[in-house]
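Everything below concerns the one structure shown next.
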Amino acid sequence: MLLVISYLADNDDSDSSVKLPSNDTGAYCKARKRLDLRFIIHLLRHVGQNLHSKLSDTFLWCNRRVFLVDGSSFSMYDSMENKKEFTQPKNQHDYHGFPVARIVGIFCLATGAVIEAIIDSFDTSEIKLFRMLYSHLKAGDIALGDRLFGSYADISLLSKGGVDSVFRMNALRKPDFTKGKSLGHYDHLIYWKKPKQGTIHLEQELYNKLPDTMLLREIRFFINIKGYRTRVVTLVTTLLDHKVYTMELLAQLYGFRWQVEFVPILAIINKDYRHFIYTTMLTITSHCKLPERPFRVEPRMVRNRTKVFSHLKRPRQEIRLKLVA
């Protein structure tokens, strides 16, 4: 989609004389298979960092650069090479499941571009991978993430490097807004004490160097959507100035976590060019109608019955060779 829009932008003829490129992806898929994975990863990093470096001050949040951190996992083809490097979940049989990898990345909030990502075995925790990405954050940046990353150790380590944090409250912490210095309704400053037990995946020597207490700000807001239960969100942050970083701004910032894709780009570009991109997308969409497919009708039902196939307990290639022998 973006390649087609770029093509039309280069041929700045918005009339019907510009022929749309074919939407057949067959040739693209064949060419993609010939690309080396290392080249794709290098290209991803290059594009993301290049976009971010050209970001002007107009698109900063409260004059600050914000980076979203998030993690996920994905399964892969069950080749012997993948099995040696990546593990399977422990509840899977060696030949029933697939090797799974874990990935953690940081994104530029303004552009949605991936700045850096790291992939490792499923056994490696997302917190450990995130700590490997610290070097890509600079003093004055803000790290934005879910509750998994909001531990005492991570907030402290980021703060030591001059990086502020906005994380959802870790499930192990129980905030009490009757304590500390009140800044407003469900908004206060409070000292966190370092847990007596060391943080997982952090060297004990480094953990011992962390401060015994840390002044943080906790806020709570409510999301009311008609027809749904009221959702309560509690955040912890090192942004202590409630006059500059109001509760409303912080709630809005956390809401941006779910919008780090194409929408921010449309919001920040030139108004005339934004209209051109929007109309071009509608034109492309209208040319991608599904053809009539007679007799392609399936009932929206399921049959609850036991599968008759046996479980795969040996390498697939070995069984395949046995079948054709």
Problem set entry | Residue under evaluation Thr124, criteria (1) in a loop (DSSP other than H, G, I, E, B); (2) more than 17 Å from Ser72 (Cα to Cα); (3) hydroxyl-bearing (Ser, Thr, Tyr), criterion not met | (2)
Seminar exercise, completed: Per the filter on segment 79-108, residues part of a helix (DSSP H, G or I) and not aliphatic (A, V, I, L, M) are Glu81, Asn82, Lys83, Lys84, Glu85
Exercise. In segment 102-155, which residues are in contact with a Phe, Trp or Tyr (Cβ under 8 Å, 6 or more places away or on another chain) and on the phi > 0 side of the Ramachandran plot?
Worked result: Gly112
For this session: Give the number of residues within segment 178-221 that are hydroxyl-bearing (Ser, Thr, Tyr) and over 22 Å from Leu240 (Cα atoms).
Result: 2
Exercise. Could we say that Thr111 is of a type in the set (Ser, Thr, Tyr), farther than 30 Å from Asn63 by Cα and assigned to a loop (DSSP other than H, G, I, E, B) here?
Worked result: no
Exercise. Would segment 131-142 turn up any residue that is among the acidic types (Asp, Glu) and outside any loop (DSSP other than H, G, I, E, B)?
Worked result: no
Exercise. If we only count helices (runs of 4 or more DSSP H) wholly inside segment 261-325, which ones have 1 or more residues that are in contact with a Ser or Thr (Cβ under 7 Å, 6 or more places away or on another chain) and at pLDDT below 70?
Worked result: 263-268
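The values are calculated or read from the model by the stated rules, or taken from the named source; none is laboratory data. These numbers come from a predicted model, not from an experiment. We place every Cβ from the backbone using ideal geometry, glycine too, and count neighbours over all the protein chains shown.
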